[in-house]
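*Asks:* First, the structure itself, so that you have it in front of you.
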């Protein structure tokens with residue numbers, strides 16, 4: 001392990017913050033295997049919120065237009081009715097949506113985020129009602145107050161503004177990004193991780209290697225140079241390799257492959273020259289061999305995080 | 001060593017991949033339709049496959065360097081964890097349960113805070129009343145001009161009477177309902193509840209102030225010999241509406257008390273516990289405000305007779321009281 005100590009104050013603080021965030025995202029299920037549910041940031045939640053406001057707003061406007069067409073009420077009370085309709089659509093919408101979809105409104109679904117209970121248990125009705133009622137008290141009512149009160153009552157406007165600002169700042173002060181309603185309800189919002197199983201790179205070229213076995217023989221000393229970080233970087237490159245969809249990109253990929261092959265050959269002292277058409281298969285073969293080697297070392301308790309592992313062991 | 005079959009982690013993955021895909025299907029199904037939509041065998045598989053997946057994850061963290069696999073398992077296990085441990089609550093009987101049990105029970109549990117809310121309002125009303133009798137000018141101090149609608153010490157007795165028995169009000173029906181709902185009192189109730197978090201003080205002050213307005217307003221009419229008439233006019237909706245404010249104040253006080261006196265818990269935890277009842281109080285208050293706006297928008301214009309107004313107002317008030325006191329007791 002190289003473990004270069006962070007030098008400046010800012011780096012230290014960033015490291016501490018990253019640690020806090022990782023701790024906040026960690027969930028410990030009864031099975032005893034820590035899982036990760038990354039905390040959704042304020043920006044994403046704001047995006048979801050705006051989507052929801054648009055949805056409920058459009059519904060409310062449609063209803064108001066319908067009412068005014070039906071000519072039930074006079075124009076002088078229409079604004080009050082509009083406010084009432086927006087309110088009576090908005091509040092049940094959030095509660096009902098989060099109840100029905102287990103912590104997701106439509107906006108949250110778009111943003112792939114979800115409300116979860118802080119203690120990891122099921123979301124209770126109580127918690128969902130509370131966090132959404134508090135949303136009214138935190139943001140919407142003072143917000144409408146700011147919009148409606150103007151010059152006539154500056155003090156009330158300033159108080160509302162301060163209140164909304166405070167409500168929006170609170171999430172930034174705690175690692176779970178909980179707003180006041182979340183604290184009361186014991187909930188927080190997480191990113192819903194999407195499981196996508198990519199194919200195993202060590203498995204993929206099996207047929208190719210059967211045809212011509214030991215095409216790129218790697219010896220023990222070839223594989224002692226790199227660690228986990230380099231291996232996974234190579235993995236990321238190889239996965240991106242298949243996604244080239246234009247001629248220029250394919251060309252650039254070939255050039256990158258040439259550079260990487262060059263660097264690897266120099267680093268590991270691989271004598272044989274590789275044909276340009278074999279570059280990718282060489283990298284795949286090297287990935288597989290290197291991974292097998294590193295995983296075997298790991299089983300023996302020799303974890304190699306990166307290429308500095310030898311220096312760290314001294 | 002070159003053969004993929006010799007890589008332990010690749011074999012590990014190959015052996016379990018089918019189970020993971022099956023788990024993924026089950027999780028998707030459970031997320032879409034709730035755990036209730038699963039058949040018995042599926043629910044059983046979900047639980048056992050989830051445990052297998054967490055074990056796989058623990059092993060993979062030790063033996064595999066394939067980042068794609070690790071990330072997949074992390075995500076899958078987290079998703080499955082939510083499906084298994086945080087499933088959808090059953091929604092049936094939710095509203096019925098609130099009315100039949102949890103609502104009135106919460107009211108009874110927090111009776112002392114509600115009483116404090118009523119005390120704040122009553123004290124305010126008393127002070128407002130006495131101050132008005134001492135000097136008329138207090139009326140202008142307490143009552144904002146927008147709220148009084150021309151009713152003040154300057155107005156003639158005939159004008160005051162005309163408002164109480166108004167045969168042709170400016171707005172009736174739905175419009176009036178909406179504008180009354182968003183009137184002064186609703187705003188007060190919301191702020192009283194929300195601001196209670198700040199150590200009770202704003203909630204107490206606001207409720208007291210509202211009481212002052214009410215007291216001065218009452219004193220104005222009593223002074224003109226319209227005491228019984230204004231009583232009837234206010235009773236129709238006021239019994240419900242002012243009680244709603246006091247209950248909202250009770251909820252706010254409960255939150256504030258949790259901040260002030262958290263006991264053995266941390267303040268955050270105390271707030272969370274107090275929130276359980278406080279939010280029910282807020283819902284009850286919202287319900288009452290809704291009813292009050294209905295009464296104010298419809299019933300007050302329809303009923304012009306003073307005794308009937310008293311009967312309707314206090315009758316509905318006693319219905320509320322009966323709900324709070326009698327419903328949802330365990331035998």
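*Asks:* Can you tell me how many residues within the range A:108-122 are part of a loop (DSSP other than H, G, I, E, B), surrounded by 16 or more Cβ atoms within 10 Å (Cβ to Cβ) and in contact with a strand residue (DSSP E or B) (Cβ under 9 Å, 6 or more places away or on another chain)?
*Replies:* Of the residues in the range A:108-122, the ones part of a loop (DSSP other than H, G, I, E, B) are A:112, A:118-122.
Checking which are surrounded by 16 or more Cβ atoms within 10 Å (Cβ to Cβ) leaves us with A:118, A:120, A:122.
Imposing the further condition that a residue be in contact with a strand residue (DSSP E or B) (Cβ under 9 Å, 6 or more places away or on another chain) reduces the set to A:118, A:120.
Of the residues in the range A:108-122, 2 are part of a loop (DSSP other than H, G, I, E, B), surrounded by 16 or more Cβ atoms within 10 Å (Cβ to Cβ) and in contact with a strand residue (DSSP E or B) (Cβ under 9 Å, 6 or more places away or on another chain).
*Asks:* While we're on this one: Given the condition part of a helix (DSSP H, G or I), crowded, with 19+ Cβ neighbours inside 10 Å and over 33 Å from the mean Cα position of the chain (by Cα), answer yes or no: does some residue in the range A:262-284 qualify?
*Replies:* Checked against the condition, which is being part of a helix (DSSP H, G or I), crowded, with 19+ Cβ neighbours inside 10 Å and over 33 Å from the mean Cα position of the chain (by Cα), the range A:262-284 yields at least one hit.
*Asks:* Answer yes if at least one residue in the range A:130-137 is crowded, with 20+ Cβ neighbours inside 10 Å, touching a residue at least 24 places away in the same chain (Cβ under 8 Å) and within 20 Å of residue B:82 (Cα to Cα), and no otherwise.
*Replies:* Checked the range A:130-137: at least one residue is crowded, with 20+ Cβ neighbours inside 10 Å, touching a residue at least 24 places away in the same chain (Cβ under 8 Å) and within 20 Å of residue B:82 (Cα to Cα).
*Asks:* Take the range B:190-212 and flag every residue that is on the phi < 0 side of the Ramachandran plot and not in a helix (DSSP H, G or I). Give the steps one after another, and end with the answer.
*Replies:* Of all residues in the range B:190-212, those on the phi < 0 side of the Ramachandran plot come to B:190-198, B:201-212.
Matches in the range B:190-212: B:196, B:197, B:198.
*Asks:* Which residues, taken from the range A:14-47, are over 16 Å from the mean Cα position of the chain (by Cα) and within 14 Å of chain B (Cβ to nearest Cβ)?
*Replies:* A:28, A:29, A:30, A:31, A:32, A:33, A:34
*Asks:* Of (1) more than 7 Å from chain B (Cβ to nearest Cβ); (2) touching a strand residue (DSSP E or B) at 6+ places or on another chain (Cβ under 6 Å), residue A:97 satisfies all except one. Which?
*Replies:* (2)
*Asks:* Are any of the residues in the range B:100-114 facing chain A (nearest Cβ under 9 Å) and under 30 Å from residue A:32 (Cβ atoms)?
*Replies:* no
For (1) assigned to a helix (DSSP H, G or I); (2) under 19 Å from residue B:123 (Cα atoms); (3) within 14 Å of another protein chain (Cβ to nearest Cβ), each residue gets a yes or a no:
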{"residue": "B:214", "(1), (2), (3)": "yes, yes, no"}
{"residue": "B:217", "(1), (2), (3)": "yes, yes, no"}
{"residue": "B:234", "(1), (2), (3)": "yes, yes, no"}
{"residue": "B:238", "(1), (2), (3)": "yes, yes, no"}
{"residue": "B:241", "(1), (2), (3)": "yes, yes, no"}
{"residue": "B:248", "(1), (2), (3)": "yes, yes, yes"}
{"residue": "B:299", "(1), (2), (3)": "yes, no, no"}
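*Asks:* Just one of the numbered conditions (1) outside any helix (DSSP H, G or I); (2) crowded, with 18+ Cβ neighbours inside 10 Å; (3) away from chain B (no Cβ under 12 Å) is not true of residue A:257; which one?
*Replies:* Residue A:257 satisfies every listed condition except (1).
*Asks:* Does the range B:140-154 include one or more residues that are away from chain A (no Cβ under 14 Å), touching a helix residue (DSSP H, G or I) at 6+ places or on another chain (Cβ under 8 Å), farther than 30 Å from residue A:240 by Cα and in a helix (DSSP H, G or I)?
*Replies:* Yes, there is a match, as at least one residue in the range B:140-154 is away from chain A (no Cβ under 14 Å), touching a helix residue (DSSP H, G or I) at 6+ places or on another chain (Cβ under 8 Å), farther than 30 Å from residue A:240 by Cα and in a helix (DSSP H, G or I).
*Asks:* Suppose we filter A:141, A:145, A:180 for residues that are over 30 Å from residue B:35 (Cα atoms), facing chain B (nearest Cβ under 9 Å), under 24 Å from the mean Cα position of the chain (by Cα) and at pLDDT below 85; which single one remains?
*Replies:* A:180
*Asks:* Considering each of A:81, A:53, A:65 in turn, give the residue that is within 29 Å of residue A:108 (Cα to Cα), in a helix (DSSP H, G or I), more than 14 Å from chain B (Cβ to nearest Cβ) and over 34 Å from the mean Cα position of the chain (by Cα).
*Replies:* Within the list A:81, A:53, A:65, the selection yields A:65.
*Asks:* Taking the range B:43-68 on its own, how many of its residues are at the interface with chain A (Cβ under 7 Å from one of its Cβ atoms) and assigned to a helix (DSSP H, G or I)?
*Replies:* 7
*Asks:* Being touching a helix residue (DSSP H, G or I) at 6+ places or on another chain (Cβ under 9 Å), surrounded by fewer than 14 Cβ atoms within 10 Å (Cβ to Cβ) and in a helix (DSSP H, G or I) is the filter here; which residues of the range A:167-203 pass it?
*Replies:* The one that is touching a helix residue (DSSP H, G or I) at 6+ places or on another chain (Cβ under 9 Å), surrounded by fewer than 14 Cβ atoms within 10 Å (Cβ to Cβ) and in a helix (DSSP H, G or I): A:172.
*Asks:* Scan B:92, B:96 and give me the residue that is at pLDDT below 90, in a loop (DSSP other than H, G, I, E, B), at negative phi and more than 10 Å from every other protein chain (Cβ to nearest Cβ).
*Replies:* Answer to the check: B:92.
*Asks:* While we're on this one: Do you know which residues across the range A:290-309 are in contact with a helix residue (DSSP H, G or I) (Cβ under 8 Å, 6 or more places away or on another chain), part of a helix (DSSP H, G or I) and farther than 16 Å from residue A:237 by Cβ?
*Replies:* Within the range A:290-309, A:292, A:293, A:294, A:295, A:296, A:298, A:299 qualify.
*Asks:* Within the range A:233-248, identify whether any single residue is in contact (Cβ under 8 Å) with a residue 24 or more places away in the chain and farther than 25 Å from residue A:196 by Cβ, and answer yes or no.
*Replies:* Looking for residues that are in contact (Cβ under 8 Å) with a residue 24 or more places away in the chain and farther than 25 Å from residue A:196 by Cβ, one finds none in the range A:233-248, hence no.
*Asks:* Return the residue satisfying two criteria in turn: it lies in the range B:24-39 and is facing chain A (nearest Cβ under 9 Å) and within 18 Å of residue B:73 (Cα to Cα), and of such residues it is nearest to the chain's Cα centre (by Cα).
*Replies:* Across the range B:24-39, the extreme among qualifying residues is B:31.
Results for (1) at pLDDT 85 or above; (2) farther than 16 Å from residue B:194 by Cβ, shown as yes or no for each residue.
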| residue | (1), (2) |
| --- | --- |
| B:237 | no, yes |
| B:274 | yes, no |
| B:282 | yes, no |
| B:295 | no, yes |
| B:299 | no, yes |
| B:323 | yes, yes |
| B:326 | yes, yes |
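*Asks:* For the range B:248-296, give me each residue that is without any contact (Cβ under 8 Å) to a residue 60 or more places away in the chain and closer than 17 Å to residue A:187 by Cα.
*Replies:* Correct list: B:266, B:267, B:268, B:269, B:270, B:272, B:273, B:274, B:275, B:279.
*Asks:* Quick one: which of B:222, B:236 is under 22 Å from residue B:317 (Cβ atoms) and either touching a strand residue (DSSP E or B) at 6+ places or on another chain (Cβ under 6 Å) or buried (at least 20 other Cβ atoms within 10 Å of the Cβ) (or both)? Quick ask: steps written out before the conclusion?
*Replies:* On the way: B:222 fails: either touching a strand residue (DSSP E or B) at 6+ places or on another chain (Cβ under 6 Å) or buried (at least 20 other Cβ atoms within 10 Å of the Cβ) (or both).
Among B:222, B:236, only B:236 is under 22 Å from residue B:317 (Cβ atoms) and either touching a strand residue (DSSP E or B) at 6+ places or on another chain (Cβ under 6 Å) or buried (at least 20 other Cβ atoms within 10 Å of the Cβ) (or both).
*Asks:* Here's a follow-up. Would you confirm, using the coordinates I've provided, whether residue B:324 is over 24 Å from the mean Cα position of the chain (by Cα) and either within 25 Å of residue A:85 (Cβ to Cβ) or surrounded by 14 or more Cβ atoms within 10 Å (Cβ to Cβ) (or both)?
*Replies:* no
The values are calculated or read from the model by the stated rules, or taken from the named source; none is laboratory data. What you see is a predicted model, and the numbers here were worked out from it, not measured in a lab. Here the Cβ is made from the backbone with ideal geometry for all residues, glycine too, and neighbour counts use every protein chain on show.
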